[in-house]
Structures are given as C-alpha cells and as structure tokens.
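Structure, as structure tokens:
The values are calculated or read from the model by the stated rules, or taken from the named source; none is laboratory data. Remember, it's a predicted structure, so these values are computed and weren't measured experimentally. FYI the Cβ positions are ideal-geometry reconstructions off the backbone, even for glycines, and counts take in every protein chain you see.
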Amino acid sequence: MARRRKAPSAVPPAARTDSSEPSLDDDVQAPPVEAIRVRRMHRRDLNRVWEFLKLVFRNVNRQTVEYQRPRSKQRFEEQYDDEGIEQLVFEVGADIVGYAECAFEVTGSDNWINPRYFDTRDMRPLFVEELASHPDYQGRGVGSFMLEQLQHLARIRGCTHLVLEVAENNKTALAFYKKRAFQKLDAAIFMAQKIPNEPELLPPRTLNPRHADGAPPPLEPDAER
Ligand SMILES: CC(C)(COP(=O)(O)OP(=O)(O)OC[C@H]1O[C@@H](n2cnc3c(N)ncnc32)[C@H](O)[C@@H]1OP(=O)(O)O)[C@@H](O)C(=O)NCCC(=O)NCCS
C-alpha cells in the first residue's frame, strides 16, 4: 500500500524564531515535492509487483469477462526470464506506484494475437501487456508518464505503433487511451446468447392405473405387429 509522506516544513527547526507569538512560517509549509522514477524490474521485486497488480486489477477484473492482468503468478514469474519482455517499475520514494510491461514479439501460448495482421499493414508494434497505476496515485500523471516511457522505448527500438487490449467496459482506461489517440483495431468482442433454461431431467409422470387382475393392459390394435 502506498503511503503518503508528511510534507516537510519550509523552515528548518533551527531557523525558527523563539518568539511565543505564532509566526506565519509555522503555518506555511512548502508543497511536498514528489518525483516519479522508472527502473527495470528486478527478480527481488516479483512478489511486491504481483501484489501490486492484484490490488490495481481487483476491481477491474470484477467487471470484465477476460482477466485484465496476468492469469497466474507462475506465468508472471516466467515472463521475467523472457528476453523479449520489458518490465518497468515506477516508484515514488520506496513505493511502487506504477508498473508497465511490453513485448516486442507476440509471446506466450495463451496469446490470441495474429502477427500477420500487423505484417500485412507494415506495422511493427510494441505490445503493451500491462499498464497499471496505484489507485492512490491515479489521476496524478503516473499513467501518462508510463505511456510516455513506452512511446520512447517504441521509438528508439524502431516500432511504429503501441498495441494493447482493453475491455470496453473498463471505462477509465478506455477514455485514457482514446484521449491519447489510440484507435480501435479489428478486435474481438465477447458475445453471449441467452439459452432458455430447461432442466435436464423430465418432471414426474402419472403412472397408468394398475390392471385389475395384475396382468399388463392389452396392446392397442395398431401396436400389434
Ligand atoms: C488507466 C490508468 C493506467 C491511468 O493511469 P493514471 O495514473 O490515472 O493516469 P493519468 O493520471 O496520467 O491520467 C488519468 C486521467 O484521468 C483523470 N482523472 C482525474 N481524476 C482521476 C481519478 N481520481 N482517478 C483516475 N483518473 C482521474 C486525469 O485527469 C487524466 O485525465 P486525461 O486523460 O484527460 O489526461 C489507471 O487508471 C489504471 O491503472 N487503471 C487500472 C488498471 C487498468 O485498467 N489498466 C489498463 C488495462 S488495459
């Protein structure tokens, strides 16, 4: 959980007056100066980043058909050793406030992307696999900084596009991307058709009355073959 730091006082204690009168300086505090830094993820960060992603996507995943974060921790850990994947951690002080992951190739056995789509259009995409900012820091420019970092990577590695997948009902993220000139590709939409619900087993049925002498009832004429 990210903790906000106490704002430092504008005046160091030694420089304050000894007067018992309250000084204006006692009330005026300099705004906290917070900077966001980016670095590559280390192996030792794996657990913290996984917990961070669970926190960020907890609410998002409740709303969407498809998981919007890595499906399993095992897969997340395997990706660390994948050379084609960049995993970036964004920090304010010691707190993780953002995580971005991108790949230069279509990776993973569970991937549904068809690379030929991009080849035939002369697109060299950088696939954005993950973009997440801490809920306490959303709306403060973390997402924009992360995206700028990915655009920068794409440019210097010769990619022509950032490509990502976002659920249509992830309204915040969708608005964020649209505002930043992302355009919809030919993407799948999840569809469902309601099937009328019937029980698999038939309901109870009334038995024919027992025959008086215990013998089975005679067959109907057209049933005699
Ligand atoms: C999408 C996401 C990465 C954006 O990150 P962010 O740190 O909020 O990004 P920014 O602060 O740079 O910009 C957020 C925008 O929302 C606005 N905003 C204002 N108040 C906000 C608030 N309380 N919370 C979120 N956004 C707010 C910002 O002003 C900004 O508007 P703009 O698009 O007009 O510039 C972030 O919402 C997120 O991690 N969501 C959950 C995970 C997710 O869905 N990821 C995408 C999966 S594809």
Review point. Which members of the stretch 171-193 meet the condition of being assigned to a loop (DSSP other than H, G, I, E, B), exposed (fewer than 10 other Cβ atoms within 10 Å of the Cβ) and at pLDDT 90 or above?
Key: Ala181, Gln183
Study note, to complete from the structure: Residue pairs within 7 Å by beta carbon, gap of at least six or interchain, first lying in the stretch 171-184 and without any contact (Cβ under 8 Å) to a residue 60 or more places away in the chain, second assigned to a helix (DSSP H, G or I), listed first then second, are Phe176/Gly143; Arg180/Leu147
Exercise for review: Under 7 Å between Cβ atoms, at least 6 apart or on separate chains: pull out the pairs that start in the stretch 139-156 with a residue that is farther than 18 Å from Phe104 by Cβ and in contact (Cβ under 8 Å) with a residue 40 or more places away in the chain and end on any residue that is more than 6 Å from the ligand (Cβ to nearest atom) and not aromatic (Phe, Trp, Tyr).
Suggested key: Val142/Ile36; Val142/Val97; Val142/Gly98; Phe145/Ile36
Review point. Out of (1) part of a helix (DSSP H, G or I); (2) farther than 19 Å from Leu164 by Cα, the odd one out for Glu34 is which?
Key: (1)
Review point. Which of (1) modelled with pLDDT of 95 or more; (2) under 19 Å from the mean Cα position of the chain (by Cα) is the odd one out, the single condition Thr64 does not satisfy?
Key: (1)
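Among the residues in the stretch 127-143, are any of a type in the set (D, E, K, R), touching a strand residue (DSSP E or B) at 6+ places or on another chain (Cβ under 9 Å) and away from the ligand (no atom under 15 Å from the Cβ)? Before the answer, list the steps.
Taking the stretch 127-143 as the starting set, the residues that turn out to be of a type in the set (D, E, K, R) are 129-130, 136, 140.
Those still in the list that are touching a strand residue (DSSP E or B) at 6+ places or on another chain (Cβ under 9 Å) too: 129-130, 136, 140.
After this cut, where a residue has to be away from the ligand (no atom under 15 Å from the Cβ) as well, the list is none.
No, the stretch 127-143 has no match at all.
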Check your understanding: Can you spot a residue in the stretch 81-90 that is exposed (fewer than 12 other Cβ atoms within 10 Å of the Cβ), free of Cβ contacts under 8 Å to residues at least 40 places away in the same chain, within 16 Å of the ligand (Cβ to nearest atom) and assigned to a loop (DSSP other than H, G, I, E, B)?
Key -> no
